[in-house]
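Shown next, in structure tokens, is the structure this report addresses.
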Amino acid sequence: MNPTVRGLILSDFTVDTLKAFLVNDPQAPAWNIDIAPYGQVLPILNNPGDPLWAAHPDVTIIWTQITHAIPSFRKLLSFEAVDPAQLLKECDTFIDAIINASTHSRFVLLASWTLPPYLRGYGPGDLKNPQGWQRALLTLNNHLAGRLSENPNIFILNTATWTQSIGANAFNPKLWYLSKTPFDPGVFKLAAQDIKATMLACWGTSRKLLIVDLDDTLWGGTVGENGWQDLKIGGHDAIGEAYSDFQQGLKGLKNRGIILGIVSKNESATALEAINKHPEMILKRTDFAGWRINWDDKAANITALLSELNLGADAAVFIDNDPAERDRVRRALPEILVPDWPDHCLLFPKALSSLSCFDTVRISAEDRARTGMYAAEQQRREGRAQAQDIGQWLRSLDINVTAELLNAANLPRAAQLLNKTNQMNLSTRRLSEQELLAWTETPGRRLWTFRVKDNLGDSGLAGIISLEVDGKTARIIDLVLSCRVFGRLLENAMMAVLIEQAVKQGAATVKAHYIPTEKNKPCLDFLRERSGFQAAAGHIFTWDTAKAYPRPDMIKVAYEG
């Protein structure tokens, strides 16, 4: 992610407090923010030549009051009759302006509309009455969500969650009359947190591995002392229900692509027996991608598990009910997120649901299948240990790779992979879907995606490689491969495809410019040691296309589209 996010805020009320919370928060990302002139939302949205767009903001935040964005809504508040079609027409005018302006900003975050709870409208009949204020509010917010759902760089933030969290004082009439600030500062603080979480998700830097302890964390009780039969999970008591709901929350995270792991001080056989046999266990053994259950130091076990899963510490979250263990992991592995955890298990489900570190802006088929992919990877590791050499092992897998040019169907996953992958990534550039597609539409530029499967499973879209041809020289812009499929010569197969395509476009030389980061050394190791490219000064690697690139014969490659 960029070290500093350039932001632009458009609003019809004073937003200095929001800017202060964004800029002064020590948590990443850092911000550099412009605030548009007060109340000039539509004029700026409709003016592509406005100087504010010249700064090319990474994100534009639009937060308006419904009475300003939808003029006819003011009539509703005066109990005048308003045609619902007129409200939708004005809403469409607002939406059109947002869509047009979205081409000037990498991302657009739009705050939904809300009303103060003291505006009762027609009272209990407000949602039933066609002229009801809350009914119109719901209709217009749903219309916003529906029309903007197909725009990949526009996201709607739920303002109601911020105001509901603060409660009766969320709307502050005194602040409105004194400074044209409608909300309590607490609302702006929550908004800033959600905005930051959304940006982390947009850049693919949200967390993707959740490691949990077992005793008094995943279940109530100590399995080594009580036996699995007496553990508290489910049933008809408060503690058992809380642990059941906590596990259900973990299961939900797993279903949307978060990897689950276990690190616990226990006897492995005893703990796994509890997972396998307890009738109220929501989570099964197959829901976990890996575990370290022994009496060793938890920080060391987490490090070993991360190595097994080929993930960095910055991808992980660790949950443990023991404050001493949490402190130990925080000190030993500062990149891991170790949230403070409630003292009482009845609060565990709420604490899990409140975590913003797993926020995502899109879920792909690969996300939903991720745990199964890691289970298949465990089988591959076992097969590799038994094989005499790597060639024998790879042939036993029957690997099939499908190369496909970037298109509308694979664009979302391609952008996700580009933005989330850190280790096997040549340049680690970050682009939105819109920017990535626009890049490929320039003459001389091509991007291929690579789907990988073998006889143990389908790894989905796991690789990207892009090429820019200028005369006789072709330059590799992106070389990206998911950490799940390292070690199978797939990067060599991808290079072979790229060299073939470069030759077809008349290139005599192919160059790769490696841009070092803290985490992409595996890409440098490949270029230096296994790619066959010649090293030059300044992290430049070249291939003379007069030579055919040796494609690994144990990998079948097909083209599609």
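The values are calculated or read from the model by the stated rules, or taken from the named source; none is laboratory data. The structure presented is a predicted model; accordingly, all values stated were derived computationally and were not measured. Note: ideal-geometry Cβ built from the backbone for every residue, glycine included; neighbour counts use all protein chains shown. Quick note on the areas: whole protein, heavy atoms, side chains included, nothing else; ligands and nucleic acids left out. Shrake-Rupley method; radii C 1.70, N 1.55, O 1.52, S 1.80 Å.
Here segment 114-133 is the region considered, the condition is being open to solvent by less than 60 Å² (accessible area, probe 1.4 Å) and in contact (Cβ under 8 Å) with a residue 12 or more places away in the chain, and the residue that is nearest to the chain's Cα centre (by Cα) is Thr114. For segment 363-395, the tally of residues that are under 20 Å from Val317 (Cα atoms) and in contact with a Pro (Cβ under 9 Å, 6 or more places away or on another chain) stands at 0.
Conditions (1) in a loop (DSSP other than H, G, I, E, B); (2) open to solvent by 20 Å² or more (accessible area, probe 1.4 Å); (3) in contact with a Ser or Thr (Cβ under 9 Å, 6 or more places away or on another chain), marked per residue:
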position: Phe155; (1), (2), (3): no, yes, yes
position: Ala160; (1), (2), (3): no, yes, yes
position: Lys189; (1), (2), (3): no, yes, yes
position: Lys196; (1), (2), (3): no, no, yes
position: Gly234; (1), (2), (3): yes, no, yes
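Applying the condition of being touching a strand residue (DSSP E or B) at 6+ places or on another chain (Cβ under 9 Å) and assigned to a loop (DSSP other than H, G, I, E, B) to segment 78-113 and asking which residue is most open to solvent (accessible area, probe 1.4 Å) yields Arg106. If you go through segment 270-289 and keep only what is open to solvent by less than 40 Å² (accessible area, probe 1.4 Å) and within 24 Å of the chain's Cα centre (by Cα), you end up with Leu283, Asp287, Phe288, Ala289. All conditions but one from (1) more than 19 Å from Ala191 (Cα to Cα); (2) open to solvent by less than 10 Å² (accessible area, probe 1.4 Å) apply to Leu10; the one that does not is (1).
Given the residues Arg331, Arg292, which is the only one that is assigned to a strand (DSSP E or B), open to solvent by 40 Å² or more (accessible area, probe 1.4 Å), modelled with pLDDT of 95 or more and more than 25 Å from Ala415 (Cβ to Cβ)?
Working: Arg331 fails: assigned to a strand (DSSP E or B).
That would be Arg292, the only listed residue that is assigned to a strand (DSSP E or B), open to solvent by 40 Å² or more (accessible area, probe 1.4 Å), modelled with pLDDT of 95 or more and more than 25 Å from Ala415 (Cβ to Cβ).
Residue pairs whose Cβ atoms lie under 6 Å apart, sitting 6 or more positions apart in sequence or on different chains, and linking a residue in segment 544-560 that is under 20 Å from Ile464 (Cα atoms) and in contact (Cβ under 8 Å) with a residue 12 or more places away in the chain to a partner that is of a type outside the set (Lys, Arg) and assigned to a loop (DSSP other than H, G, I, E, B), are Pro552/Leu489. When restricted to residues that are closer than 23 Å to Ser356 by Cα, in a helix (DSSP H, G or I) and at pLDDT 95 or above, segment 307-327 contains 4. Scanning segment 52-84 for residues that are free of Cβ contacts under 8 Å to residues at least 40 places away in the same chain and closer than 24 Å to Phe155 by Cα turns up Ala54, Thr67, Pro71.
Restricting attention to segment 237-269, the residues that are within 26 Å of the chain's Cα centre (by Cα), under 15 Å from Asp215 (Cα atoms) and either surrounded by fewer than 17 Cβ atoms within 10 Å (Cβ to Cβ) or in contact (Cβ under 8 Å) with a residue 60 or more places away in the chain (or both) add up to 1. Once segment 413-464 is narrowed to residues that are surrounded by fewer than 19 Cβ atoms within 10 Å (Cβ to Cβ) and in a loop (DSSP other than H, G, I, E, B), the residue that is nearest to the chain's Cα centre (by Cα) is Leu431. Restricting attention to segment 344-373, and to residues there that are at pLDDT 95 or above and over 30 Å from Ile156 (Cβ atoms), which single residue is least open to solvent (accessible area, probe 1.4 Å)? Going through the qualifying residues, I end up with Cys345. Return the residue satisfying two criteria in turn: it lies in segment 377-411 and is among the hydrophobic types (A, V, I, L, M, F, W, C) and surrounded by fewer than 18 Cβ atoms within 10 Å (Cβ to Cβ), and of such residues it is nearest to Gly487 (Cα to Cα). The qualifying residue nearest to Gly487 (Cα to Cα) is Ile390. Can you find a residue in segment 456-477 that is over 30 Å from Ser102 (Cα atoms), among the acidic types (Asp, Glu) and without any contact (Cβ under 8 Å) to a residue 40 or more places away in the chain? Yes, there is a match, as at least one residue in segment 456-477 is over 30 Å from Ser102 (Cα atoms), among the acidic types (Asp, Glu) and without any contact (Cβ under 8 Å) to a residue 40 or more places away in the chain. From the residues in segment 198-228 that are touching a residue at least 40 places away in the same chain (Cβ under 8 Å) and part of a helix (DSSP H, G or I), which one is farthest from Gly167 (Cα to Cα)? So, considering only residues that are touching a residue at least 40 places away in the same chain (Cβ under 8 Å) and part of a helix (DSSP H, G or I), the one farthest from Gly167 (Cα to Cα) is Gly224.
Take Trp63 and decide whether it is among the aromatic types (Phe, Trp, Tyr) and surrounded by fewer than 21 Cβ atoms within 10 Å (Cβ to Cβ). It is false that Trp63 is among the aromatic types (Phe, Trp, Tyr) and surrounded by fewer than 21 Cβ atoms within 10 Å (Cβ to Cβ).
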